[in-house]
1. Filter segment 1-48 for residues that are in contact with a helix residue (DSSP H, G or I) (Cβ under 6 Å, 6 or more places away or on another chain), of a type outside the set (D, E, K, R) and not in a helix (DSSP H, G or I) and give the result.
2. Quick test of your reading of the structure: residue 379 fulfils all but one of (1) buried (at least 22 other Cβ atoms within 10 Å of the Cβ); (2) among the charged types (D, E, K, R); (3) closer than 16 Å to residue 195 by Cα. Name the failing condition by number.
3. Would you mind stating whether residue 478 is in contact with a strand residue (DSSP E or B) (Cβ under 8 Å, 6 or more places away or on another chain) and open to solvent by 60 Å² or more (accessible area, probe 1.4 Å)?
4. Could you please tell me which pairs satisfy a Cβ distance under 8 Å, a separation of 6+ or placement on different chains, a first residue in segment 369-382 that is over 28 Å from residue 500 (Cβ atoms), and a second residue that is modelled with pLDDT of 90 or more and of a type in the set (Ser, Thr, Tyr)?
5. Just checking, which of 390, 340, 373 is at pLDDT 95 or above, under 26 Å from the mean Cα position of the chain (by Cα) and of a type in the set (A, V, I, L, M)?
6. Mind checking which residues of segment 449-473 are outside any strand (DSSP E or B), open to solvent by 30 Å² or more (accessible area, probe 1.4 Å) and in contact (Cβ under 8 Å) with a residue 60 or more places away in the chain?
7. If a residue has to be part of a loop (DSSP other than H, G, I, E, B) and in contact with an Asp or Glu (Cβ under 6 Å, 6 or more places away or on another chain) to count, how many in segment 414-443 make the cut?
8. Within the group 139, 163, 149, 56, which residue is within 30 Å of residue 403 (Cα to Cα) and out of contact with any Gly (no Cβ under 7 Å at 6 or more places or on another chain)?
Amino acid sequence: MRLAVIVSASRSVASASGRLEKIARLAECLREAAPGEVPVVVAWLSGELAQGRIGVGPAAVRAALPDAAASSATLTVADVERTFTAIAGMSGAGSTGRRRDALRELFGRATAEEQRFLAALLFGELRQGAQEGIVLEAVARAADVDAAVLRRAAMLAGDLPAVAGAAFSGEPALTAFRLRLLHPVQPMLAQTASDVGDAIARLGEAGFEYKLDGARVQVHRSGRDVRVFTRGLHDVTASSPDIVEAAQALPVEAIVLDGEAIGVRRDGRPLPFQMTMRRFARRADAAGTRRAPLRCFFFDCLHVDGTTLIDAPARERWAALERTVPAELRVPRMVTDDAAVAAAFLDQALREGHEGLVAKAPASPYETGARGAAWLKIKPAYTLDLVVLAADWGHGRRRGWLSNLHLGARDGHGGWVMLGKTFKGMTDALLTWQTAALLEREVSRTAHTVIVEPTLVVEIALDGVLLSSRYPGGVSLRFARVRGYRQDKRPEEADTIEAVRALLPGSHGPADPGPR
């Protein structure tokens, strides 16, 4: 299969406005793939490499891009996959140069459009609107298998490309995928509700649970053997000895639990999110465990002692959880259809330093990998009016647009404090307007960044603020995205760094409603 077929499909999907049209175009592309190519093609169309990370960063990609491009499309999927696999296996002295040479040779054989596709794929910026659900539906159509059967197999395997390869052998191959102890399944995800009243209107009586600001974990135990996996299905057992010990103490032989791990202070209050994540970034030793102990709070039970509960109603899974996990290791939960009672529970969660609540339908199965309507997260939303200090040129589909905004708050002395960057929340129309507006305000530029006069105010939505040593203000924005430009506001009306710091947990600002 030629790479140009995938590039054409990617371009076509990016320009398609409807879900069904995207599915049809992806399915057409997949039908042209040989059976052994399907997993690779599915990974690429999902914006990922089959090898995962291959040790190539943006600088290496830019250095490898040639001044000219091939005049005809001759690259095949096999050509590209061999190169990526070879690069992933390079290590030791001189490996940086060998990776660069291999990339340069690959790009030299690619047309200009293929170069853009490959660069975006390596940058992790192949945004074509082909979300996993759309790719899954396309695989089902191309392989002529039931989408529900395929979806279940992919969720249990945690590997859509591998399951897609099996799908072309027929549905019997998909039924072989089952929950296996010590092998992670994709976690169920939540949609968003505006408040507890909205959640009750959509679910009726619901189980309301604390939404903890930690690391989603899935814990598997078989006998004394325990594995801890992240939301991304990475094994972090080595950095989680305290979670392993807690799982080994449970009165069971086999269990699969879903929960949230958080660092805790001596008084039991949660540590900031980034301190929890540092524990997962490295293997923990005894001293590190004492300095930043992790506690895991579980909210779901997917398997216990030979019985898989994924298809069971949530109330049955909660009952299994209560039978096997002590209360101090369970996320606080209450079941109600009274909005006032749920609102009081939300206030309690916020006072205790947590993010909010998750509402769950008691009759719902565990839809692994799905952002299902049976789970609704409820948490305060924040917005800030910030000033654009600079912007980076986009890559891939955003090439030619100023995309990644450098955001600043007022420092109170007529200057600006850098808080971070975002490229999220921008439509093509906004990118076009934004690029022209920023170039009109250009002060200077580097190869990849345009520095501008700080006169444009942009409204930014965010999930909160984190402590940060990376930026001079000591804080950074969490999940920042553009809501729109405030052309009615002058830069001196933008938010101050003090207003941003007030969003830190424990600051007694807007993120901290009520006494601690």
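The values are calculated or read from the model by the stated rules, or taken from the named source; none is laboratory data. Being a predicted model, the structure only gives us computed values, none of them experimental. Methodologically, a virtual Cβ is constructed for each residue, glycine included, from the backbone with ideal geometry; neighbour enumeration extends over all protein chains shown. Heads up: the accessible areas ignore ligands, DNA and RNA and are worked out on the full protein's heavy atoms, side chains in. Shrake-Rupley method; radii C 1.70, N 1.55, O 1.52, S 1.80 Å.
1. Of everything in segment 1-48, those that are in contact with a helix residue (DSSP H, G or I) (Cβ under 6 Å, 6 or more places away or on another chain), of a type outside the set (D, E, K, R) and not in a helix (DSSP H, G or I) turn out to be 1, 16, 33, 46.
2. Among (1) buried (at least 22 other Cβ atoms within 10 Å of the Cβ); (2) among the charged types (D, E, K, R); (3) closer than 16 Å to residue 195 by Cα, the lone unmet condition for residue 379 is (1).
3. Numbers: in contact with a strand residue (DSSP E or B) (Cβ under 8 Å, 6 or more places away or on another chain): yes; open to solvent by 60 Å² or more (accessible area, probe 1.4 Å): no.
For residue 478, the condition - in contact with a strand residue (DSSP E or B) (Cβ under 8 Å, 6 or more places away or on another chain) and open to solvent by 60 Å² or more (accessible area, probe 1.4 Å) - is not met.
4. Close Cβ pairs (under 8 Å, with a partner that is modelled with pLDDT of 90 or more and of a type in the set (Ser, Thr, Tyr)) amount to 372/364; 374/364; 375/364.
5. Values: 340 fails: under 26 Å from the mean Cα position of the chain (by Cα); 373 fails: at pLDDT 95 or above.
Going through 390, 340, 373 in turn, just one is at pLDDT 95 or above, under 26 Å from the mean Cα position of the chain (by Cα) and of a type in the set (A, V, I, L, M): 390.
6. Here is the first cut: in segment 449-473, the ones outside any strand (DSSP E or B) are 453-456, 463, 468-473.
Remaining after also requiring open to solvent by 30 Å² or more (accessible area, probe 1.4 Å): 453-455, 463, 469-472.
Matches in segment 449-473: 454, 455, 463.
7. First, pick out the residues of segment 414-443 that are part of a loop (DSSP other than H, G, I, E, B): 414-415, 423-427, 441.
Then keep just the ones that are in contact with an Asp or Glu (Cβ under 6 Å, 6 or more places away or on another chain); that gives 441.
Residues in segment 414-443 being part of a loop (DSSP other than H, G, I, E, B) and in contact with an Asp or Glu (Cβ under 6 Å, 6 or more places away or on another chain): 1 in total.
8. Working: 139 fails: within 30 Å of residue 403 (Cα to Cα); 163 fails: within 30 Å of residue 403 (Cα to Cα); 149 fails: within 30 Å of residue 403 (Cα to Cα).
The unique qualifying residue is 56.
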